[in-house]
Amino acid sequence: ISLGLALVPNALRAQNIQKSNTAKKPVDPKIIKASDGPVLNVLGDIQMHKFGGSDTGNQIAEWTNDVAPGVGIPPHVHTKEDEIFRVLKGKVELTVGDEKTVLEAGDSAFAPKNVAHSWKIVGTENASMCTSAFPSGIELLFEELGQLPPGRPDFPKVAEICGRYGITFV
């Protein structure tokens, strides 16, 4: 009886996992060319979105960007998603936790959720990154931020919007 009672929770958990895996809508393949995808101006970060939750079963969002020197994102923490940054061209000063480094074309970095991180384009030329966030959802934040009026951002408004998506500035 003890063995049976010990195994029941695991059997139920396995059954629930199997149900949740089979309940997901199948995801269709998608091919994106370099020039394809909606473009958003997110506080000076010109992003071309490649994949979002609707494309990937809510697993991942991915975008590329083209950013001028001096543009960056101040230290912030995500509570919902991890991010991977891959530098395609230029130089990006990236801080994750207590580690600050300059990434160049071909370099990558991982910023886990609940760890403060920031980035800034350094040097004299625009830089480009391919950023992945998982799970997806952050693309909805970017769509909302992209609707803000051009010019100097209203930081309290930006912080309020980000807070609704589980992102806080530190």
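Miscellaneous remarks
- Positive contributions from Lys and Arg (+1) and negative ones from Asp and Glu (-1), summed over other residues with Cβ under 12 Å from the Cβ of Asn65, come out at 0.
- Put the Cα centre of the stretch 142-159 next to the Cα centre of the stretch 86-141 and the gap is 20 Å.
- The mean sequence distance of close C-alpha pairs (under 8 Å, at least 6 residues apart), as a share of the length of the chain, puts its relative contact order at 24 percent.
- Members of Lys30/Lys100; Lys33/Lys89; Lys50/Lys89 lying beyond 24 Å, as alpha-carbon distances in this model show: Lys30/Lys100
- Principal-axis analysis of the Cα atoms of the chain puts helix 155-164 at an angle of about 20° to the longest axis.
- Ile73, Ile161, ranked by accessible area, largest first (probe 1.4 Å): Ile73, Ile161
- 0 to 90° range, to nearest 10: angle between helix 2-23 axis and the chain longest Cα axis: 50 degrees
- Under 11 Å, Cβ to Cβ, from Pro112 - net charge with Lys/Arg +1 and Asp/Glu -1: -2
- When you count the other C-beta atoms within 10 angstrom of each residue and take the mean per peptide, 130-136, 144-150 line up highest first as 130-136, 144-150.
- Only helices enter this figure: runs of n ≥ 4 DSSP H residues, each worth -39500 (n - 2.57), summed and divided by the residues of the chain, yield -8000 deg cm²/dmol at 222 nm to the nearest 500.
- Seen from Lys30, the other residues with C-beta closer than 13 Å to its C-beta sum to a net charge of -2, counting Lys and Arg as +1 and Asp and Glu as -1.
- For Met129, distant residues with modelled amide H under 5 Å away: Asn65, Leu88
The values are calculated or read from the model by the stated rules, or taken from the named source; none is laboratory data. Keep in mind it's a predicted model, so treat the numbers as computed, not measured. Backbone-built Cβ (ideal geometry, glycine too); neighbour counts: all protein chains shown. Just the protein is used for accessible areas: all its heavy atoms, side chains included, with ligands, DNA and RNA removed. Shrake-Rupley method; radii C 1.70, N 1.55, O 1.52, S 1.80 Å.
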